[in-house]
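What follows is a short report on a single structure.
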Amino acid sequence: MAAHLKKRVYEEFSKVVQVTHEEAPAKKLRLSKPSKSAALHVDLCKASSSTDALQYLLTFSRKPVEAESVEGVVRILLEHYYKETDSSVRLKIASLLGLLSKTPGFSPDCIVDDAINTLSSEKSHQVLAQLLDSLLVIGSQLPESPAVRLRLIEVAYKNLSDSSFGVRTKCLQLLGCLGLLEAPLGKDSDGPGPSLAMRDVQSIISDYFGDQDPRVRTAALKAMLQLHERGMKIHQIIYDQACRLLSDDYEQVRSAAVQMVWVLSQLYPESIVPIPSSNEEIRLVDDAFGKISHMVSDGSWMVRVQAAKTLGSMLQVSPHFLEQTLDKKLMSDLRRKRTAHERAKELFASGEFSSGRKWADDAPKEKLDTNTVNLIASGACGAFVHGLEDEMFEVRNAAVEALCQLARSSPSFAEKCLDFLVDMFNDEIEEVRLQSIHVLRQISTHITLREDQLDTVLAVLEDSSRDIREALHELLCFTNVSTKECIQLALLELLKNLNKYPTDRSSVWKCLKFLGSRHPTLVLPLVPELLSTHPYFDTPEPDMDDPAYIAVLVLVFNAATSCPTMPALFSDHTFRHYAYLRDSLSHLVPPLRLPGRKQVYGLDSVDCGSGSGSVESAQLFLQQSLNRVSTIQNLEAAGAPELLDLTIRDLQRLGELQTELAGAADFCATFLRCQLLLMKALQEKLWNISVPLILKQNITVTAAAQQVLDESYKLEFLYSGLENRQVATIHHVRLQAKALQLILAARTRHGLDSLISSCEKFLQDVESFQRLFLTELPHLQDSFVEKLLELLPRLSSCKPVEQVKILQTTLRQSGLLQLRLPEQIHRATATIIEPTGESDNPLRFTSGLVVALDIDATLEHVQDPQNSVKVQVLYPDGQSHVIHPKPADFRKPGPNRHRLITQVYLSHTAWTEPSQIEVRLLLAYSSSCSSRLGWTDAMDSLHPAEGTVEGTIPFSKHVKVFIMPKPARR
Amino acid sequence: NMPEINVTPLGAGQDVGRSCILVSIGGKNIMLDCGMHMGYNDDRRFPDFSYITQNGRLTDFLDCVIISHFHLDHCGALPYMSEMVGYDGPIYMTHPTKAICPILLEDFRKITVDKKGETNFFTSQMIKDCMKKVVPLNLHQTVQVDDELEIKAYYAGHVLGAAMVHIKVGSESVVYTVSVNKYAKSHISAWIDKCRPDILISESTYATTIRDSKRCRERDFLKKVHETIERGGKVLIPVFALGRAQELCILLETFWERMNLKAPIYFSTGLTEKANHYYKLFITWTNQKIRKTFVQRNMFEFKHIKAFDRSYADNPGPMVVFATPGMLHAGQSLQIFKKWAGNEKNMVIMPGYCVQGTIGHKILNGQRKLEMEGRATLDVKLQVEYMSFSAHADAKGIMQLIRMAEPRNMLLVHGEAVKMEFLKGKIEQEFSIDCYMPANGETATVTTNPSVPVDISLNLLKREMALGGPLPDPKKPRTMHGTLIMKENSLKLVSSEQALKELGLNEHQLRFTCRVQLQDPHSDPDTLHRIYTHLKSVLKGYTIQHLPDGTVMVESIVIKVSSSAEDTNAKVLLLSWSYQGGEYFFTALCIVKRLMYQ
């Protein structure tokens, strides 16, 4: 027994030894060659069952593989593939093949053969489909290799007759993506192959238009579209087949067929096709337009959306067909009935206003001939009428969009679709309403609104959605109206709007400004009424602070710019108000030439003469100032501070006067201020005084260095339109500031350790500067950096104390860097419109709970505001909160302009007295090199994002808000 | 004798009202709707059930009853039929219909019995008993009535819970639909898949009408209400309790929300409140907009619309009131009308049709002085507006539905004969399908061409597929060999071997032999060899063997030569072939004959 036990012990012991022995080389392998292939191999060999193997593969696929080891991994995978009996594991391996061949830096041509070979032995359709999918990936990774392509195409042809839809679908996809665009010229290119691969891809794909499986039919259509996208010219024969598929039973087929028909209509717009069951012929694009229009009343809404969208881009269609899309015949008991549109138009023409009073004014009129009534939409008839009345708002939206595109290219169509678009202003879904307002604005150059239409349009001004109202204001800015009644109506409604939603003030004023300047002759007869002047009596002077009165004045003054007779109608106080408004709302009130009045206002005369010429002269002035500054040789030159001071002042004033150049002038001024600060800091006598005595002065210098640093961040991130050159200059200033800080630190602090580390850090900064701006270095001649780089070998070898000394002398000797201005430079600005900060009523809320504060601000020249703009709330006790607005809170009303409408939530413990909090906007920045941060594999990255500085720049004024948290009552 | 589907309208055949259509399909009898006629108070009020059976109960003759929606002209005769005539089978209707139908039936009963004093009418208990027989339907749910008959409900427009029904027996099918509301965008929407039924039975009330877009009408309506409210006037909207009223409520509610209006909207109490409750419950049965906003709140939980109290009518300031009944002939709407009629700032909007003789009809025709009871006259100063909202489909909607479902035949009911005639012509012209419009009691017969499903064994299919070409080409039919076994109502196609095995039969070899007499001087083996070599040269690609026992085999054909004892030149050629080898035989025979007569 004992012997037996002993034997077992030995047995087990020996087993253990064996296992460790086996694993040892595996470990060694991993150490010597850190490739994933080895690890994978071990894992796969260890797998006892297929589920285990699948598990290993799944975990394996989550990790990236280096380009060098891909091939090895693939070999191992394939080896295992042939051994594996379970199809799910083979499927995973097949998908991994595709995934791996996408590895950047790896060229999959070495595994093509192996991948293709796997196909021959595969029985499972799913795995086969996956393999083809991977081959597709491999093929698209090798666009330059026609031989591989030919082979893959051949493989696809061979498997096209597979019985599984999945395999056929993939084959078609492969053909679509890799099919040869033109047949190779030389038939003798390679011996046995040409028969299959040379066949016409299009005819082969189109054979599958009639496949029994809808998914294959869809794939065939998609493959054909893919060919088109890759630049192959699709044969016209396909057209008939595609048209037949429009009546397929399956929606995805119909949807793809719509696209196909569209593509062909764009390729062969002018070919002639016969109309079946008649001997007439029409242009292909018209025929296609009719057929796609028909799809607008399809059973599936996806197809309807597709069809409606597509219609918009068929601009070559004949006007006759285009106008049919708006055809609408109504009838009641077989009698012709007029549409509401027609009735409105008639009323308008007959001069009668207001409708609907009479019972049965929509009573049907003449009898219709039953033969002429078209019940089912045939061809283009009424396509948009259907689309706009569709039950799904997605379809309606698409139809509106298409209408817009077509109307923009055809003024006559624009005129016709006006009624329909105006109708859409009353859609039940806000998106559609908004969309149709935008569309109307886009085509507004073609149209003039009738009174009844304007009436409908203006009714929307009362909408509670701010977006809708603002879109409408925007629309009114561009609208032409026909009569003076229209102007009156518009003004009335806008004033009503102003009354109901006082926050719309600026938008309404702007709208009236354009309305006035567009229709001076229509405004003229209204002036006495608008200004309530009377020929004999003096009327009371209206309240100047009334927004409604200001609105009226804006309208009148803008009309008066191009109507010189108008000022004669003004009363005395109007002139006074003009002067006031011209000053306070100069962006809304234009300069007027007022007869019999002296041009007292200096501002006016400047502005009257201002044109493009003054911009040029200002530009010249700016350049001259910069040139003058550039004469300063180095930072210690005498008289330099005075010159800089003067120039800064000039530039600041220039920015105020000339808004076009505000950005550039501001930029220059800030830059020069940095230089000035540096200069002053270095000029101080303190550098010659011994250390203990200079503590006080040190503080001012430290502050200056810090300020330069801050300003440099502002320069970099607050201005848009900077080129690499300017960025280099800014970084250079920052480097100078850092050098200054280092010197100061060396003088005040005594810890050598901290000095060493900050010296190292500085050297790193210099290196990174060199790396980043290698191309800019030649422009930085005679600068601090250039000198520094010359001394770099010496610097990095010597002791910190010496380093500081070298730095000090270089810094003091280096010259002033020239600033070159880029073409366009804009400063990011933000204006908080709301809260206004004028309210004396505190916002009361129970302490501990939250209160929402509405914020409305416009941002100009801010790039990517969704990520960079933050709201800061400062409480009186010094607490500050930074709030990140939602991306959806940003709208983009114009180029370089954003609008932030958001709510910030405030909360605080109880106060005894209402107090003011401050709200402002911040611009967040991070100066990291974005390329390095692209890889998120944080564990692997060795450099922890070097030189990343994150911070915020306040770029709007403070707005004060009264709040009053009350203690909760118990 | 082809199978046929018979459709007989008991009501609504070339007529409007009391919908009741009998369908017999594949041996099943189905009743579609069981409505009453509003225009009659006598026996003509209900469908003539004696058409089905003279005496006794209907249960034996009907397999099921399907109700499309809750309007009384579609369900009003239901308690009468099930409880008084007698029917115990299943009655199918959608959930909302089941909920609302008894309310309307009870209301109808109250008016007839309590107000008009009729006797011999169904009682409340009967309505309850009747509703117990109801089986509720879900949308797109296929319900198996029995082994063969299945029904499936689709969403129809019209009113809450209205359904199209797809009835299917075997491969024959019928779709029945009330007016589908495709174009008029109300709070309800419809869709059907391409089910290609044998018959599509559709209502055709508005067969000769093409309507303007709903949006225009809505805008007019809203504009009028808005203007009056801004003037400080009051708006009265007389409505019927169900359907229209809810639609208008939603419309006003959203408009109030959109325009940020504050004036109160009231809704007269009573029936409508209950109905609103059901609309709230069945929110999923409504349109996209309502369903979408449901995430935030239930649209039917009106925010601006409150219940009306009699005293509110005298409140100052603007307001909107919905009040029943719709034709201003009695009740709350009339009371309010009397109070408000004197002020020209106010407005009354009639949203529907008014019967002659009612006040509604009078004012719509411009009458400004009304005689009230007690010889008092009422000056009508308020503005009178008319607004047509109808939930019925127009001609385009019906055509659209035909396009969607692609039926083989069309059958029109619930409409006037003249109008149907027009639509019928149009349908036949556009779709080139037959269209029927039977009158009440008349039977329309449609013969169908049903496909007979046959089970095929997988092995046989695979074998046949392997024989010819890689893929079956859908354009070209292909013949295949197999044995059709008909057994206990099922058909099976199997290979002959399997058939033999299943039936327990032995396989019989069938061989045919043909004798060909010919003159040939050579010896038997020589002749045979000549034949062999010749065949070999002519028939390439066939297996031809010269067997040692003196025969030649061409595939399965055996050729043997024997000479008679008396005349060695007169040879007899024996050709023997099995039943399967028939095709080759004639080729082989021709070749041999040609050789011999050379």
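When the alpha-carbon atoms of region A:679-813 are used, the pair Rg, Dmax equals 15.1, 46 angstrom.
For region A:717-839, averaging the sequence separation of C-alpha pairs within contact (under 8 Å, six or more residues apart) and dividing by the residue count gives a relative contact order of 47 percent. Among A:Val460, B:Val452, the ranking by other beta carbons within 10 Å of each residue's beta carbon, starting with the fewest, stands as B:Val452, A:Val460. Within the shell of other residues whose beta carbon sits under 12 angstrom from the beta carbon of A:Ile437, the net charge comes to -4, with Lys and Arg scored +1 and Asp and Glu -1.
Exposure proxy for A:His386, A:His446: other Cβ atoms within 10 Å of each Cβ, ordered fewest to most, give A:His446, A:His386. Averaged over the residues of B:214-223, the number of partner chain Cβ atoms lying within 10 Å of the residue Cβ comes to 5.
Taking Cβ atoms as reference points and 13 Å as the exclusive limit, the residues near A:Pro835 contribute a net charge of -3, counting Lys and Arg as +1 and Asp and Glu as -1.
Computed from the C-beta positions of B:Asn55 and A:Tyr82, the FRET efficiency with R₀ = 60 Å rounds to 0.15. Hull volume per residue, based on the alpha-carbon atoms of region B:327-461 and their convex hull, is 232 Å³. Each Cα pair under 8 Å and six or more residues apart adds its separation to the average, and for region A:449-593 the resulting relative contact order is 23 percent. Taking the Cα centre of each part, how many Å lie between region B:103-156 and region A:45-117? Result: 64 Å between the Cα centres.
To make sure I understand, if each residue's beta carbon is the centre and we count other beta carbons within 10 Å, what order do A:Phe667, A:Phe106, A:Phe621 fall in, fewest to most? Walk me through the numbers on the way to the answer.
Working: A:Phe667 27, A:Phe106 20, A:Phe621 16.
In increasing order of surrounding Cβ atoms, one gets A:Phe621, A:Phe106, A:Phe667.
Its alpha carbons considered, region A:847-920 gives a radius of gyration followed by a Dmax of 14.1, 46 Å. Calculated translational diffusion coefficient of chain B (20 °C, 1.002 mPa s; Stokes-Einstein with Kirkwood radius over alpha-carbon pairs) equals 72 µm²/s. Entry note, chain B: relative contact order of 14 percent, from Cα contacts under 8 Å with a spacing of 6+ residues.
Say the cut-off is 26 Å between C-alpha atoms; which of B:Lys28/B:Lys194; B:Lys168/B:Lys214; B:Lys152/B:Lys303 go over it?
B:Lys168/B:Lys214; B:Lys152/B:Lys303
State the dimensionless ratio Rg/Rh of region A:449-593 (Rg: radius of gyration of Cα atoms; Rh: Kirkwood radius).
Values: Rg = 14.5 Å, Rh = 15.3 Å.
Result for region A:449-593 is an Rg/Rh of 0.95.
Taking region A:679-813 as the region of interest, the number of lysine pairs whose Cα atoms are within less than 24 Å, with members eight or more places apart or on different chains, is 22. Computed over the alpha-carbon pairs of region B:504-587, the distance histogram in 5 Å steps reads 3, 14, 23, 23, 18, 10, 5, 2, 1, 0, 0 percent, short to long. How many angstrom lie between the C-alpha centres of region A:285-315 and region A:472-545? Spelled out, the Cα-based centre of one part sits 43 Å from the other.
Just so you know, all these numbers are worked out from the coordinates, no wet-lab data involved. It should be emphasised that the depicted structure is a prediction, and the values quoted were computed from it without experimental measurement. Reconstructed Cβ throughout: ideal geometry from the backbone, glycine too, with neighbour counts over all protein chains shown.
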